[in-house]
Amino acid sequence: MSGFPKDFYWGGATADFQYEGGFNEGNRGLLSHDYETDGSMEHPRHHTMKLADGTIKNYRSSFFYADQIPEDATPVFLDNEYYPSHQAVDFYHHYKEDIKLMADMGFNIYRFSICWSRIYPLGDEEEPNQEGIAFYRDVFEELKKYNIEPMVTICHDEMPMHLALKYNGWSNRHLIDAYVKYAETLFKEFGSYCHYWLTFNEINAVRGFGPCGTRESDGYTRYLADHNMFVASAKTVILGHKYNLENKFGAMYAMSGLYPRTCKPEDMLQSQLARRENWYFIDTMLRGYYHPYAKSIWQHHGFETLEISEEDKKTLYDGQLDFCSFSYYRTNTTQAGDKWFNVGGDDNPYLEKTPWGWGVDPLGLRYVLNEIYDRIQKPVFVVENGMGAIDEPDENDYVEDDYRIQYLNDHFKAMRDAITIDGVDCFGYTMWAPIDLVSLSTGEMKKRYGFVYVDMDDKGRGTLKRTPKKSFYWMKHVIETNGNDLE
Ligand code: BGP
């Protein structure tokens, strides 16, 4: 075989709270992220909270570096803050136009997340919200019109606010039932449209009050929350296969690469152990059991063990995922003495950096594809990859984004080589994010990924007009030629 497989999936990926907006329309409930402000690298975004004595405080509350949130803190909206999820870039009212743009590029797949609180506004009510179902039905119909296969992320780093506050999020097993009920509603309502499902986004990377709804972001609570998510995912896989044997399940892992900083044996060992912080999630969900090294991870995070019941063990085994999907943006390095997974390690002197300091490493994608496939030997799918850059539009909002074209071209070649030379069974690629949207980590708009420019600034000002960039036409050609014409 000389190129990409002939039925390879080419498309794009988005997440509801960064893209959809319409936060108070269609009876949507509030999400944890609705209370998260905008920000930047210098001024991290935060959740705005009120303590019992009336004091207002800010808490940084997603990702590894989340703050501990006190029991008496509840979220509040402040007039002087901007909350990007409320409008995002308004897919809610632009979905027809946006899906047409995706179709014009030739996408044969579109990965998007369904907003949990649009289907169950509180998360634990008896009946789903019909307006939310109607909205997504329209989206599925629109995709069908253009023969674009949907891939749905059931939960992209979020939860209904009510579940976070009432149960301390995923630390409570009640969440398993709430999630499975929500997933079953999706199978019932949308099962005829959709066969690719991702149970969670970047389940290994994001935690804390935003995505996991927990006030703590490490230690026993975090690993208990992860366990409950594993069980919820496995139950959903079992159920989804009962609904339709054609349903295929993945979950999504942040798998940007991790290299030892030097070939010193201590650094080599460090990178192997640190990588287990990621394998922990992939191994458990794709092999269906906790690997013996899990214990060393728990101990590293300050507690002795997690008690796993026989019933949960069986569920994990029966509910193994069908394929492994992951995001890949960059590589980091680690060395002996680092606190395991070194999130900020952007110190590889061989790599150029984006303005946000992310090391650009196309070959690393081939490395990671091999790493995963060697270990798991189930089909893989690159569900996120792309370059956050500062675009400079001309007077017609047109952007000549040669840097993005170069980035994607080089990553596509690495992916092609992993498939054709190394034999990795990679069956698709969805670029993050085809239409410009709000950054997850910084809450900015100016960190743009898209093939399509959206006229909006960091505070939500602008016409929201969509304009294809140079990369839009380049990507259309890549898809037309199935990647066989890469430079
Ligand atoms: C992943 C998330 C996405 C997304 C992307 C880019 O971690 O799954 O939601 O936003 O990273 O990151 P950022 O938006 O911070 O540039």
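The values are calculated or read from the model by the stated rules, or taken from the named source; none is laboratory data. Here the structure is a predicted model, which is why all the values come from computation and not from measurement. Neighbour counts run over all protein chains shown; Cβ positions are idealised from the backbone, glycine included.
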Query raised in the report: Hey, does the range 185-204 have a residue that's within 16 Å of the ligand (Cβ to nearest atom), closer than 30 Å to Ala294 by Cβ, at pLDDT below 95 and touching a Gly at 6+ places or on another chain (Cβ under 6 Å)?
Result: no
**Report entry** Selection within the range 31-72 - modelled with pLDDT under 90 and among the hydrophobic types (A, V, I, L, M, F, W, C)
**Finding:** Met41, Phe63, Phe64, Ala66, Ile69
Report task. Any chance you could count how many residues in the range 31-47 are closer than 21 Å to Phe135 by Cβ and more than 12 Å from the ligand (Cβ to nearest atom)? Result -> 3
Report task. Could you list, in sequence order, all residues of the range 400-427 that are under 26 Å from the mean Cα position of the chain (by Cα) and aliphatic (A, V, I, L, M)? Result -> Ile405, Leu408, Ala414, Met415, Ala418, Ile419, Val424
Query raised in the report: Do we find a residue being touching a residue at least 24 places away in the same chain (Cβ under 8 Å) and away from the ligand (no atom under 16 Å from the Cβ) anywhere in the range 427-446?
Result: yes
Query raised in the report: Got a number for residues in the range 434-487 being under 20 Å from Gly39 (Cα atoms) and in contact with a Gly (Cβ under 6 Å, 6 or more places away or on another chain)?
Result: 7
Report summary line: The one condition Ile479 fails out of (1) modelled with pLDDT under 95; (2) part of a helix (DSSP H, G or I); (3) of a type in the set (Val, Ile, Thr) is (1)
Report task. Kindly provide the set of residues from the range 471-487 that are of a type in the set (S, T, N, Q) and under 16 Å from Thr430 (Cβ atoms), ordered by number. Result -> Ser471, Asn482
Query raised in the report: Residues of the range 346-357 being free of Cβ contacts under 8 Å to residues at least 40 places away in the same chain and either acidic (Asp, Glu) or more than 15 Å from the ligand (Cβ to nearest atom) (or both), which ones?
Result: Asp346, Pro349, Tyr350, Leu351, Glu352
Report task. All but one of (1) out of contact with any Ser or Thr (no Cβ under 9 Å at 6 or more places or on another chain); (2) within 16 Å of the ligand (Cβ to nearest atom) hold for Val424, so report the exception by its number. Result -> (2)
Query raised in the report: Among (1) closer than 30 Å to Lys446 by Cβ; (2) surrounded by 13 or more Cβ atoms within 10 Å (Cβ to Cβ), where does Gln335 come up short?
Result: (1)
Query raised in the report: Hey, among Val380, Val360, Val368, which residue is surrounded by 20 or more Cβ atoms within 10 Å (Cβ to Cβ), under 26 Å from Arg404 (Cα atoms), within 15 Å of the ligand (Cβ to nearest atom) and modelled with pLDDT of 95 or more?
Result: Val368
Query raised in the report: Of all the residues that make up the range 308-337, how many are away from the ligand (no atom under 16 Å from the Cβ) and either modelled with pLDDT under 95 or of a type in the set (S, T, N, Q) (or both)?
Result: 8
**Report entry** Gly428 more than 19 Å from Pro355 (Cβ to Cβ), surrounded by fewer than 23 Cβ atoms within 10 Å (Cβ to Cβ) and either at pLDDT 95 or above or of a type outside the set (Val, Ile, Thr) (or both)
**Finding:** no
Query raised in the report: of a type in the set (D, E, K, R), closer than 23 Å to Ala88 by Cα, within 16 Å of the ligand (Cβ to nearest atom) and in a loop (DSSP other than H, G, I, E, B) - does that describe any residue in the range 402-412?
Result: no
Query raised in the report: In the range 211-225, what count of residues is obtained for those that are away from the ligand (no atom under 11 Å from the Cβ), surrounded by 21 or more Cβ atoms within 10 Å (Cβ to Cβ) and either under 15 Å from Cys155 (Cα atoms) or small (Gly, Ala, Ser) (or both)?
Result: 4
Query raised in the report: In the range 390-405, which residues are touching a residue at least 60 places away in the same chain (Cβ under 8 Å) and farther than 22 Å from Asp485 by Cα?
Result: Asp391, Pro393, Asn396, Asp397, Tyr398, Val399
Query raised in the report: Where in the range 8-75 are the strands (runs of 3 or more DSSP E), entirely inside, with at least 2 residues that are of a type in the set (Lys, Arg) and in contact with a Cys (Cβ under 6 Å, 6 or more places away or on another chain)?
Result: none
Report summary line: Looking across the range 1-30 at residues that are at pLDDT 95 or above and of a type in the set (A, V, I, L, M), the single one that is farthest from the ligand (Cβ to nearest atom) is Leu30
Report task. Answer with yes or no whether Phe451 is closer than 19 Å to Asp98 by Cα and buried (at least 20 other Cβ atoms within 10 Å of the Cβ). Result -> yes
Report summary line: Exception for Gly443 within (1) at negative phi; (2) among the small types (Gly, Ala, Ser); (3) buried (at least 18 other Cβ atoms within 10 Å of the Cβ) falls at (1)
Report summary line: From the option list Glu277, Glu246, single residue qualifying as surrounded by fewer than 21 Cβ atoms within 10 Å (Cβ to Cβ), within 16 Å of the ligand (Cβ to nearest atom) and either at pLDDT 95 or above or not small (Gly, Ala, Ser) (or both) is Glu277
Query raised in the report: Taking into account only those residues within the range 383-401 that are within 25 Å of Phe112 (Cβ to Cβ) and among the aliphatic types (A, V, I, L, M), which is farthest from the ligand (Cβ to nearest atom)?
Result: Val399
Query raised in the report: Quick one: in the range 259-274, which of the residues that are in contact (Cβ under 8 Å) with a residue 60 or more places away in the chain and within 19 Å of Ala294 (Cα to Cα) is farthest from the ligand (Cβ to nearest atom)?
Result: Leu269
